[in-house]
Each structure stands twice: as structure tokens, then as C-alpha cells.
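Input: a single structure, listed below in C-alpha cells.
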Amino acid sequence: MTDPELDHALSRHTDYGQMPLTEDAIDADPIAQFSRWLAEADEAGVYEPNAMVLSTIDADRLPSSRTVLLRTVDEHGFEFFTSYTSAKGRALVVHPHVSIVFPWYSIHRQVIVRGTAVPTTPEISDAYFASRPRGSQIAAAASDQSQPIASRDLLEERVRELEERYAGGEVPRPTTWGGFRVTPTAFEFWQGRSSRMHDRLRFTHRAGSWELERLQP
């Protein structure tokens, strides 16, 4: 038997329109092009435009993906923050090569980035941790991210203990928490088009410069 509601979800087709992405219109600097598209996604009301799907390979060579938030983009690359002892943190120590996807579905765009991740300096991690809301600071200190726990109650008890410990004072950054910087080696800018004839332009970093090529949809 088939589920009509499931069939409907699986058979949906959306026409992505005729907004082009051409070689003469794209910025020669992929970081600048990404920054432009990120700003346009924000202006278009995309939910969490800085959300990115980060894919890693762990010590057992198994892939894993999860959504994290981009916090900095500049000429040096992309920065995000997490627990260094989390599943992704441990994976990045073993295999620093990553793939990132920015899925801006509502405006029919994606950006796919490949690169290498390394921990940021403690000073960068300290500065960002200090800028976080106090509740997020407590949560970072309370959670042994990615590790099993017997119940939600135990986690909330840890939060209460830390709130009492640091009442009236600053919450120190856990030494196991901080940033990663991804240095890009390739970008793909994907613009949806009608009849699945999408525009795909890829930048690859070779010999100190970016090379641009068109991919078939």
C-alpha cells in the first residue's frame, strides 16, 4: 500500500525559474561572491542564512553530516564554533578535510565548499565565547557534546549547578570548546533553473589562484 501523503511529498516538483548565473556576472573572487549571496539570502528572508551542513570523516572513515552556524567569513575562510571533543571535533582532528553546503532552498540557490579545517587561536575562541548569550555559555560548559546521557533531567541539573557556581561572575570558556577555521579549496555556486537545467559554476584553487569552470546540471 502507498501513503497518499508520502507520495505527495515524494513527487513534488518545483519550477526554479529563470534567474541565470553566468560567468561574466560572477565575481572572480569566490569569497566575495559567497558574501554577496549570503547578504542576498538574508535580505530575502531565508531562515538562518548562515546555517551550513558540515560533513566530516571520522577515525573509522565513516561520513557524518550536521548543521552548524557560520560565524565569520573573510579572505581567510569560514569560522564556526563547537566542542573539540564532540563527534565533529574529534573527526576534524583525524581528517581535517570537510565539505560544507549552504542550502538556501527558498531562493533556489546552494553553495558547496570544500576545504581544510584547523582550530582557531585561543584568543579568537575566547572573544567569540565572551560574545555569546550567558545561557549559551552555560550550556556549552554543561554539555559533553555528542556523548550519551541517561536523561534530560541530568543535563538540566548540570546547568543549574553551573548557574549557581558562576552567579554574579563570568562564565569561563571550557578548554574543550572553541573555533575551527575552514580554508576553502573549492566552491560551487548552484542556481536553480527551469526543467532542472541548473547553472553550476565551480571555482578550484590551483597554483595560488582561482580557476572557474561550468559544470553540467
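Here's a check for you: in the range 66-105, which residue that is among the polar types (S, T, N, Q) and in contact with a Phe, Trp or Tyr (Cβ under 8 Å, 6 or more places away or on another chain) is farthest from residue 33 (Cα to Cα)?
83
Within the range 1-28, can you find the residues that are modelled with pLDDT under 95, open to solvent by 50 Å² or more (accessible area, probe 1.4 Å) and in a loop (DSSP other than H, G, I, E, B)?
1, 2, 3, 12, 13, 14, 15, 16, 18, 19
Which residue pairs have Cβ atoms closer than 6 Å, lie 6 or more positions apart in sequence or on different chains, and pair a first residue in the range 39-53 that is open to solvent by 70 Å² or more (accessible area, probe 1.4 Å) with a second residue that is not in a strand (DSSP E or B)?
42/49
Could you list, in sequence order, all residues of the range 168-178 that are open to solvent by less than 40 Å² (accessible area, probe 1.4 Å) and over 22 Å from the mean Cα position of the chain (by Cα)?
169, 171
Cβ-Cβ distance below 8 Å, separation of 6 or more or different chains: which pairs start in the range 2-22 with a residue that is of a type outside the set (Ser, Thr, Tyr) and end on one that is surrounded by 10 or more Cβ atoms within 10 Å (Cβ to Cβ) and assigned to a loop (DSSP other than H, G, I, E, B)?
Partner pairs satisfying both residue conditions: 17/108; 17/192; 17/193; 18/193; 19/108; 19/192; 19/193; 20/193.
Which pairs do you get when a residue that is surrounded by 20 or more Cβ atoms within 10 Å (Cβ to Cβ), found in the range 179-205, comes within reach of a residue that is at pLDDT 95 or above and among the small types (Gly, Ala, Ser), reach meaning Cβ atoms under 7 angstrom, with the pair 6+ apart or on two chains?
Short answer, once both residue conditions are applied: 179/125; 180/117; 182/77; 182/115; 182/117; 184/77; 184/115; 203/186.
When the residues of the range 29-47 are filtered to those that are in a loop (DSSP other than H, G, I, E, B) and of a type outside the set (Ser, Thr, Tyr), which remaining residue is nearest to residue 182 (Cα to Cα)?
Looking at the filtered set, the residue picked out is 29.
Quick check on my filter: what residues within the range 126-167 are part of a helix (DSSP H, G or I), of a type in the set (S, T, N, Q) and open to solvent by 50 Å² or more (accessible area, probe 1.4 Å)?
Matches in the range 126-167: 131 only.
For residue 68, work out the one condition from (1) in contact (Cβ under 8 Å) with a residue 12 or more places away in the chain; (2) in a helix (DSSP H, G or I) it doesn't fulfil.
Looking at each condition in turn, residue 68 falls short on (2).
Being hydrophobic (A, V, I, L, M, F, W, C), closer than 21 Å to residue 117 by Cα, open to solvent by 50 Å² or more (accessible area, probe 1.4 Å) and within 17 Å of the chain's Cα centre (by Cα) narrows it down to one of 57, 100, 31, so name that one.
On inspection, the qualifying residue turns out to be 57.
Scan the range 103-125 residue by residue and report those that are surrounded by 15 or more Cβ atoms within 10 Å (Cβ to Cβ) and either free of Cβ contacts under 8 Å to residues at least 60 places away in the same chain or hydroxyl-bearing (Ser, Thr, Tyr) (or both).
Matches in the range 103-125: 103, 116, 120, 124, 125.
With respect to the numbered conditions (1) touching a residue at least 24 places away in the same chain (Cβ under 8 Å); (2) assigned to a helix (DSSP H, G or I); (3) open to solvent by 60 Å² or more (accessible area, probe 1.4 Å), which one is the sole condition not fulfilled by residue 93?
It is condition (1) that residue 93 fails.
For the range 126-177, which positions are free of Cβ contacts under 8 Å to residues at least 24 places away in the same chain and either at positive phi or among the small types (Gly, Ala, Ser) (or both)?
127, 131, 135, 136, 139, 142, 150, 151, 167, 168, 169
The values are calculated or read from the model by the stated rules, or taken from the named source; none is laboratory data. The structure displayed is predicted, hence computed values, not measured ones. Cβ atoms come from the backbone with ideal geometry, glycine included; neighbour counts cover every protein chain shown. Protein only, heavy atoms only, side chains kept; ligands, DNA and RNA dropped before computing areas. Shrake-Rupley method; radii C 1.70, N 1.55, O 1.52, S 1.80 Å.
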